[in-house]
Each structure stands twice: as structure tokens, then as C-alpha cells.
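The block underneath contains the structure these notes are about, expressed in C-alpha cells.
The values are calculated or read from the model by the stated rules, or taken from the named source; none is laboratory data. This is a predicted model, so every value here is computed, not measured. Cβ atoms come from the backbone with ideal geometry, glycine included; neighbour counts cover every protein chain shown.
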Amino acid sequence: MTGPVKITFMSWGGVERFQKWIDAWNGTWPDAAKKIVPEAVTGGSGSSDMFTMLRTAMAAGGENIPDFYESNATDIPEFAERGLMLPIDDYLTPYTDDLIPAAKKVASYNGHFYGVPMQVKSKVWWYRKDMFEKAGIVPDQVKTLDDLINAGKALKGAYPDAFLFNLAPKSSGGWLSMLLSYYDDLKFAERGGTWNVTTDERFAQMFDIVKKIYKADIASPVGDWSSDWSPAMTDSKIASIIGPSGASWMAEFLPQFDTVHAGLWGAALWPEFSREGSEAGGSIWAITKYSKNPGAAFEYLKNFHLTKEGALTLYKLIGFLPMIKSAQEIVKAEAAKNERPEGTTEEQWKLAPVNYFGLDYLDVLFQAQDHVKIFQYDMAFNNEINILGQYCNEYVEDKMTLLEALRSAEDEMKTQIVDPYKLG
Amino acid sequence: MSMAISAKRVPKNDRSSNTRARWKSDQIAAILFVSPFILAFLVLFLGPAIYALVVSFFRYAGYGSMTWVGVYNYFATLQYRLFWIGLRNTIFYWIAHDIPMMVFAFGLALIVSNRYIQFKRFFKPMLYLPQLVTSVASALIFSSFFGLEYGVLNTILGTKIPWLQDVNYTRWAVVILLIWRGVGYWFIVYLAGLTSINPEIIEASIVDGANSWKRLIYVILPLMTSTLLFAFVVDAIGSLRLFTEPNVLMAQRGGLAPYEVAPVVNVLFSSMGAARFGQAAAVGWLLFLVTALISWLQFRIFRNINKE
């Protein structure tokens, strides 16, 4: 007689982050919960800690590697190429007809599925409806970069002390990472070591966009996630969030940052000049090759992410949008009910995204998913974007010409990374 | 008395063999006492250090195969702009905080050690208190303190100094944080050093007519050179490994500090994060050489001062 199968999963942050998932598993699928017992393992405070931990565990023979772990799209290339991730085509293919296209993209690498899609990080422009209205800004009519700059000026006209959005000095990298995903087939380098930074003119275009944004004086110097960010929002000094934090997941954080203006924030698609793309693609649950129970791991993940019941559970639990088309209407209907859950105070309920942004925010989020494109990440992406950001900053501050900045970035990538398709 | 009697009764050969036996057992005891440290040193420090030296000549992701690249990792690191920017920042943080902090800590120790000062039991723990706050927590508190629009300092001063936005100010914010955290610790070290000075020497200098200044320059400081050497060397080693304070103070969205203000350890950290263990090892060894050089210089300077 065999007992229940124990499966372990790893992510960053405290394990309590995933305790509610385990509670939901036990509560929503009690029969399955008797057979499969999940256990959360923390991988450190951030994704980088977790990957260092996984690399060390691989070097030690893989004994302590969990059955599955959370992975950003940016980290898939290394661990797919180096054999940590199990291709799960056989498990996932029966569900692909129902998967939203963006979810398929985020879970794919080199023609295989390497995980169960967990979250798609689409581009969303969060804005203060009241401030935009007073300034005469209609987000849908902001299409080009010049439109965005004009909107910034219009906002200044209406609110002299406020800015259209915030962008800390020397933070080009964040914007560049959002812009990169806009372009089709853009790559830092080809397999074999030919670098594209100086030869592909789209890198120059991105540098120019970032420089123009900085020079337009429409952004507050307050940094994302800095101690000034939240007060600047509550004090109405920032009228919108666009840039590296202009992403779908901000729906979870914005109500915590600005508790004063519940109901006055709204969501819109990014301006057309960079509407397509994503913020680091999204995230997946990757089943490892070291898993002793890949079938049980998939069963657990399938319930949460590939069934209507699971999609509804995750929406109620943490506001995740479904990865399957068939659950979209159910989630919208659930949101439209607007029923305050038991144990939630009136104040907390005001900060629930459906009330904080208004019911129509969900439509925008679903639309944004249709515009998701995922950059072709390679194994050295984090290094590449750091180097690119540094030299873009030099260009923005007029310390280098465009050509000098691009050439310096490429030279540094050649010396420091050598070949982004080889690791080490 | 009884020992002397027993020594008389024991033949000379037996006595020497007893001494040898005792010497041997003392030696074994000594080795046993230090062996935990030696073992820990070999396993946790020397072994990994030698392994890191080997790894620094390879291209290695931390797992999988290793590819021999000779000195390329050293060459790449020395060519890396961020390594030099980080090293410059680290040396700046060290020097800019070290000198005022040591002067301040020593001054406080002198004041508190003075026999006329009251409430010593209050001052000692109060001055040491910042050391009890973890470096992450104190950096987080300081990030609110130095906020641009809503920071405590700017609100008090009625200014809008971009402490955490403009790198020219940001460096000083880190220095202030380092001084605030470090003063209490070195104050205690100096206080211990001062209390170990024989009061008779001080009294003799007073009798000889030395005023406070002369006592400090010609009596106290020379007697404190070994404490000062310890303080400067240890603080330099710690400062060259600086990581938490600038990164927590200036990190955005859980990342690291901007490269313009980042310490050199960030290069090691990001190399490891990018699975470039070979280069991370090379950075570590280069940093070790810099640390060794600076420590050697400090020893030389203090030796020359002692000679004079």
C-alpha cells in the first residue's frame, strides 16, 4: 500500500507566501490533497538567491533539488540548456488549445514547453483617472512618443508640482528592458558569437527613446520602490506608472503604495509606440529533471493553472489572471459580483483591485495579454541589460555619443560575456 | 616546599623524562584546543580559497563542466569598467568614513574614560546601540531618512537634496551611515585600550608637567599604537568587503545599487548571479590582493610611527 506522494516546490521569499496556495490546494481539491502533499521550500530572498541555490544543488548531484520551482522567463534559457528543466510537452500539449497565446509563449523555449505557465507580465499603464481628466489626457489617444511627451506637458499645465510618471536618474536599463520586448526577433547576439548591438539599428532607436524621455522633463526623479515612491503617489506628485513597473502585476502592489486614492486609479494599454511586449515575459512553474514525481507535480500545477476551478481559486486568492481562455469569463463574472469576502474589512475591500481600479481594469488586463511579446532571452540577459543600461545612461547624460555608447556596450559584452549561449 | 623536597627525591633522569612527558601532554592539549580552529580554517577558508584560485582559471557555471581559460578571467576583470568604478567607490567609502569615524570614536573614548565624566554606564551602551541594529535594518531606516521629497533630513532642513538620487550626495549618505554604525564599536575598542594603560604612567607625565595635549600626543597615542593598528587594519578589511549598506540604501526593486555608487563586491556578486563562477573567483582573488596590499601599507606606516 503506498501513501500520499510528497512534492516539494521552491520559490523566493518566505514560505508563508505559498502557504495560502497549499491551504487552497487542501480546501479546493480535498481528494487530490489526500494523494499529493505539497511542501514549499524557500529559495532565498530573491530569484538570484534561488538560482544560486539550484546551481549549487546541481553541482552537489541534485539531491536537494525540488520537484518544481518558479522561474522567470529570463532564466529559462540557462536551465533549459543546462538540463535542470524537464521538457513537459507530453504533459502540457493536451491543454494547449485552451492556453492563451501569451501563456504558450512564456512556457516555450527552443520549440519545447519547459513549464506550466503561472503568470504573464503584460504591459499596463496605470494612471490617475482624476488627474488625467483634469489635464485633458485620454490614454487611448496617446499613441506616439511625442504624444506621451505632450501628455506630460499637459499634466504639468494642470498640476505644476506633479509629473506624468517617475523615472529615477541613471535608470535607463528598466526602460530598455521594456522596450526590447517590443521588437520582433531582436537579439543581443547570434549563436556563434556575433553581436548585434552596433549593427541592429533598433538598439540605437531604443537609446534615442530613453534619452528623449529623460530630456523631456516629464518624469519625477523618484525611483520605483524607493522610500519616496509611495508618498509621491499619495501626495499626487505622480500621475501614472509607466516604465519597468508599468506591468500587469502592479495591480497587486499599487493599492498598497497609494491607499489614499482608491477608486481613482485606472488601467490603460501602453502607447502604441511600445504597446507590444512584456515585462520580463512572465513566470512559469518548471518541473525539474531531478523530480521523483513529475506526474504528481504536474497534477498539482494543472489543477491550479489549467482548470477553471483553479483559475478562479487563484484569482480570488491573489488576483492572478487565468492562463486558460475558458476561465476568462468565469473570472470576469466573479469580479462583477463584487462580493466582499468574509473576514475582509470595508477598508481592505476598497483596496481590492476590482474596487481600487474599477471593474473595467480586468478588460484592459485581458487586452494587454493579447499584446504580449517575449524577448529572445539568452543565458547572459541580466549581464547584457546591465551593460546596455550603463552605456545608455552615458548617452542620456551626453557623456558619449550614440555610436560611442553602443560600441562601448558591445565591446564590454564581448569582453565580459564572450558568448551568451555558453555559460560560465 | 613540598615540591622542592620531592624534586630532591626524584633522580635526575626521571625528572627530565617527567618534564618531557608533561611538555608533550601540554603540546597535545594545545593542539587539541586549537584544532577546531585549524580544522575550520582548513575546511571553510583555506580549502575554498585554493579551490577558488583554481576555478579562477576556468570558465565555470558552478555546475557542469569547466573550461580552461588561463588568465582570461583576470584579464576580463581588469578590463571591466565596473570593477574599477566599484574599487574606486569602495576605497572612497573606506577612507571617507574611516578617518572621521576613528577620530570621533577615539575622542568619545577619551571623554568617557575621563574620571570626571558622570553617567558612564549610560553612555557606553547608548553609543554602542547602533551596532545592535543589523546593517540591513539600519540601511532601510536611513533610506527613509535621506528620502528626497519626504525624507526626515530634507523635511527638517526644508531642502530638497537628492541624497539618494544624485551620486555625488549618495556616496556621502553611505559614509554617514557607516560612521553612525561603526562609531560605537570602535569606541568600545578604544575604551578598552585606554583602560589598559597603566595609570601610573599618566600620573608620572602629569607630575612631569605634561598638559592634556602633550599627554595625548606623547603618552597616550604611542601606548595605543597596537590598538590603533588593529582598528585601522580590521576596519579596512571590513570596508573593502562592503556590500550591504550601499546596496540596501540605494537598491531599486530588490536589485543592487546603481553602478556609479556600487562597491566592488557587487562585481563578484553579479558574476555569481550570472553563473560566472570563474570570473567571480578572479574578482575575489584580486580583491584579496588589494586588501593584502592595503594591510601591508598600514603595518608599515604604523611600524615607522613606532620607530619614530
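Can you name every residue in the stretch B:67-81 that is under 28 Å from the mean Cα position of the chain (by Cα) and crowded, with 21+ Cβ neighbours inside 10 Å?
Listed by number, the residues that qualify are B:Asn73, B:Thr77.
Any chance the stretch B:169-180 includes a residue that's among the polar types (S, T, N, Q), under 28 Å from the mean Cα position of the chain (by Cα) and more than 14 Å from every other protein chain (Cβ to nearest Cβ)?
No, the stretch B:169-180 contains no residue that is among the polar types (S, T, N, Q), under 28 Å from the mean Cα position of the chain (by Cα) and more than 14 Å from every other protein chain (Cβ to nearest Cβ).
Just checking, how many residues over the stretch A:232-256 are crowded, with 20+ Cβ neighbours inside 10 Å and not in a loop (DSSP other than H, G, I, E, B)?
Residues in the stretch A:232-256 being crowded, with 20+ Cβ neighbours inside 10 Å and not in a loop (DSSP other than H, G, I, E, B): 10 in total.
Restricting the stretch B:104-116 to residues that are surrounded by 15 or more Cβ atoms within 10 Å (Cβ to Cβ) and among the aromatic types (Phe, Trp, Tyr), which is farthest from B:Leu194 (Cα to Cα)?
B:Phe104
Looking at the stretch B:258-269, which of its residues are within 12 Å of chain A (Cβ to nearest Cβ) and in contact (Cβ under 8 Å) with a residue 40 or more places away in the chain?
B:Pro258, B:Tyr259, B:Glu260, B:Val261, B:Ala262, B:Asn266, B:Val267
Output the residue which, of all residues in the stretch B:254-272 that are part of a loop (DSSP other than H, G, I, E, B) and either of a type in the set (Gly, Ala, Ser) or not assigned by TED's automatic domain parsing to the domain that holds B:Trp163 (or both), is surrounded by the fewest Cβ atoms within 10 Å (Cβ to Cβ).
Selected residue: B:Gly254.
Any residue in the stretch B:151-166 that is in the same structural domain as B:Tyr259 (by TED's automatic domain parsing) and basic (Lys, Arg) sitting within a Cβ distance under 8 Å of a residue that is crowded, with 16+ Cβ neighbours inside 10 Å and not in a helix (DSSP H, G or I)? List the pairs, counting only those 6 or more apart or interchain.
B:Lys160/B:Leu148; B:Lys160/B:Glu149
Of all residues in the stretch B:273-299, which are within 14 Å of another protein chain (Cβ to nearest Cβ) and in a helix (DSSP H, G or I)?
Residues satisfying the conditions are B:Gly273, B:Phe277, B:Gly278, B:Gln279, B:Ala280, B:Ala281, B:Ala282, B:Val283.
Touching a residue at least 60 places away in the same chain (Cβ under 8 Å) and more than 14 Å from chain A (Cβ to nearest Cβ): which single residue out of B:Ser226, B:Ser239, B:Ser205 fits that description?
B:Ser239
So in the stretch A:157-182, with the set limited to residues that are within 14 Å of another protein chain (Cβ to nearest Cβ) and of a type in the set (Phe, Trp, Tyr), which one is surrounded by the fewest Cβ atoms within 10 Å (Cβ to Cβ)?
Restricting to residues being within 14 Å of another protein chain (Cβ to nearest Cβ) and of a type in the set (Phe, Trp, Tyr), the top hit is A:Phe163.
Tell me the helices (runs of 4 or more DSSP H) entirely within the stretch A:10-114 that contain at least 1 residues that are modelled with pLDDT of 90 or more and over 24 Å from B:Ser65 (Cα atoms).
A:16-28, A:30-35, A:89-92, A:101-107
Per-residue answers, yes or no, for (1) modelled with pLDDT of 90 or more; (2) of a type outside the set (A, V, I, L, M); (3) surrounded by fewer than 18 Cβ atoms within 10 Å (Cβ to Cβ); (4) part of a helix (DSSP H, G or I):
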| site | (1), (2), (3), (4) |
| --- | --- |
| B:Gln118 | no, yes, yes, no |
| B:Arg121 | no, yes, yes, yes |
| B:Leu129 | yes, no, yes, yes |
| B:Arg181 | yes, yes, no, yes |
| B:Phe187 | yes, yes, no, yes |
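Please pick out the residue among A:Tyr395, A:Tyr421, A:Tyr361, A:Tyr377 that is surrounded by 24 or more Cβ atoms within 10 Å (Cβ to Cβ) and in contact with a Pro (Cβ under 9 Å, 6 or more places away or on another chain).
A:Tyr377
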